[in-house]
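Trainee: Would you mind keeping the following structure in view while I ask a few things?
The values are calculated or read from the model by the stated rules, or taken from the named source; none is laboratory data. Bear in mind the structure is a predicted one, so any value in this text is a computation, not a measurement. Using ideal geometry, Cβ is built from the backbone for each residue, glycine included, and neighbour counts are taken over all protein chains shown.
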Amino acid sequence: METTSYTQRRSQIETYFDRTAVKAWERLTSDAPVGRIRATVRAGRDRMRAKLLSWLPQDLRGRRVLDAGCGTGALAVEAANRGAEVVAIDLSPTLVNLARERMPMLMNGGSIEFLSGDMLNPLLGQFDHVVAMDSVIHYQTEDAVKALAALGKRTTHSIVFTYAPRTPLLATMITIGQMFPRGDRAPWLQPMAHKRLLQLMREDAELASWQAARCERVSSGFYTSQAMEWTRT
């Protein structure tokens, strides 16, 4: 179930990524030259995407995968090239249109349906695997777990996702970011404590048939993110 705080935050994220940050994300997710800081973010995102994909089966033929928060579609393309039927959804229609424009010829019988909207929409159907890369990092821990639980109700095998770990560097970056004029601010990350995340997972009745599996951190300059895998028992 969506909470009021989740809905409000979702609206802020949609506005930011569909208007304020489109050009920056278009450049960041391409091969275009970027500055030193953004280069570290690009490298970190590439490593994280590879990590999450490594936790999925190499052969995804016959599997249905949800790319929740697909951005410009890089992860969706790689999953489809393993044979998956991918539903790739993002809050930003502009980024989704860019993903459609960039989509290459797919291999191994895979397919991608690009959509703009809420990843929690039950009309998206059932999935074997869900990937949520940097999709719940802007939400409070409680809202993030509820969102993942909602996805878990429609997922048969695994959910792999990322969250922003509590670190001194991240806390400093958030403090600095809050000094910018409100109109220029990104929807700042909501750092999560690992123990609190696991506690909320275990207490959520919707997640009773799920367990935490692998968990690894990717750090690259100004990009720090924690990857986690949940599997059905």
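Trainee: Can you find a residue that is closer than 25 Å to Ser11 by Cα, in contact with a strand residue (DSSP E or B) (Cβ under 6 Å, 6 or more places away or on another chain) and at pLDDT 95 or above anywhere in the range 163-179?
Mentor: Yes: the range 163-179 contains one or more residues that are closer than 25 Å to Ser11 by Cα, in contact with a strand residue (DSSP E or B) (Cβ under 6 Å, 6 or more places away or on another chain) and at pLDDT 95 or above.
Trainee: What are the residue pairs meeting all of these: first residue in the range 176-201, first residue under 15 Å from Leu148 (Cα atoms), second residue modelled with pLDDT under 90 and not charged (D, E, K, R), Cβ atoms under 6 Å, and 6 or more apart or on different chains?
Mentor: none
Trainee: Would you call Val136 closer than 17 Å to Leu53 by Cβ, buried (at least 16 other Cβ atoms within 10 Å of the Cβ) and under 15 Å from the mean Cα position of the chain (by Cα)?
Mentor: no
Trainee: Among the residues of the range 74-96, which ones are out of contact with any strand residue (DSSP E or B) (no Cβ under 8 Å at 6 or more places or on another chain) and at pLDDT 95 or above?
Mentor: The answer is Ala74, Glu78, Asn81, Arg82, Gly83.
Trainee: May I pose another question? Looking at Leu60, is it at pLDDT below 95, crowded, with 23+ Cβ neighbours inside 10 Å, touching a Gly at 6+ places or on another chain (Cβ under 7 Å) and on the phi < 0 side of the Ramachandran plot?
Mentor: no
Trainee: Quick one: in the range 33-57, of everything that is farther than 30 Å from Gly125 by Cβ and of a type in the set (A, V, I, L, M, F, W, C), which residue is modelled with the highest pLDDT?
Mentor: Looking at residues that are farther than 30 Å from Gly125 by Cβ and of a type in the set (A, V, I, L, M, F, W, C), I get Ala43.
Trainee: Turning to a different aspect of this structure: Looking at the range 114-129, can you tell me whether even one residue there is surrounded by fewer than 23 Cβ atoms within 10 Å (Cβ to Cβ), without any contact (Cβ under 8 Å) to a residue 24 or more places away in the chain and assigned to a helix (DSSP H, G or I)?
Mentor: Among the residues of the range 114-129, at least one is surrounded by fewer than 23 Cβ atoms within 10 Å (Cβ to Cβ), without any contact (Cβ under 8 Å) to a residue 24 or more places away in the chain and assigned to a helix (DSSP H, G or I), which makes the answer yes.
Trainee: Among the residues of the range 63-83 satisfying the criterion of being in a loop (DSSP other than H, G, I, E, B) and touching a residue at least 40 places away in the same chain (Cβ under 8 Å), which is surrounded by the most Cβ atoms within 10 Å (Cβ to Cβ)?
Mentor: Looking at residues that are in a loop (DSSP other than H, G, I, E, B) and touching a residue at least 40 places away in the same chain (Cβ under 8 Å), I get Cys70.
Trainee: Determine the pairs where a residue that is modelled with pLDDT of 70 or more and of a type in the set (Ser, Thr, Tyr), located within the range 3-32, has a partner that is surrounded by 14 or more Cβ atoms within 10 Å (Cβ to Cβ) and not in a helix (DSSP H, G or I) with Cβ atoms under 6 Å apart, the partner being 6 or more residues away or on another chain.
Mentor: Close Cβ pairs satisfying both conditions: Thr29/Thr72.
Trainee: Here's a follow-up. Looking at Arg102, Arg154, which is the one that is more than 26 Å from Arg214 (Cβ to Cβ) and surrounded by 14 or more Cβ atoms within 10 Å (Cβ to Cβ)?
Mentor: Being more than 26 Å from Arg214 (Cβ to Cβ) and surrounded by 14 or more Cβ atoms within 10 Å (Cβ to Cβ) holds for just one of Arg102, Arg154, which is Arg102.
Trainee: Identify all residues within the range 217-233 that are assigned to a strand (DSSP E or B) and not basic (Lys, Arg); write none if there are none.
Mentor: Across the range 217-233, the qualifying residues are Val218, Ser219, Ser220, Tyr223, Thr224, Ser225, Gln226, Ala227, Met228, Glu229, Trp230, Thr231.
Trainee: Continuing with this model, one more query. For the range 99-111, enumerate the residues that are touching a residue at least 40 places away in the same chain (Cβ under 8 Å) and in contact with a helix residue (DSSP H, G or I) (Cβ under 6 Å, 6 or more places away or on another chain).
Mentor: If the condition is that a residue be touching a residue at least 40 places away in the same chain (Cβ under 8 Å) and in contact with a helix residue (DSSP H, G or I) (Cβ under 6 Å, 6 or more places away or on another chain), then Gly110 is the only one that fits.
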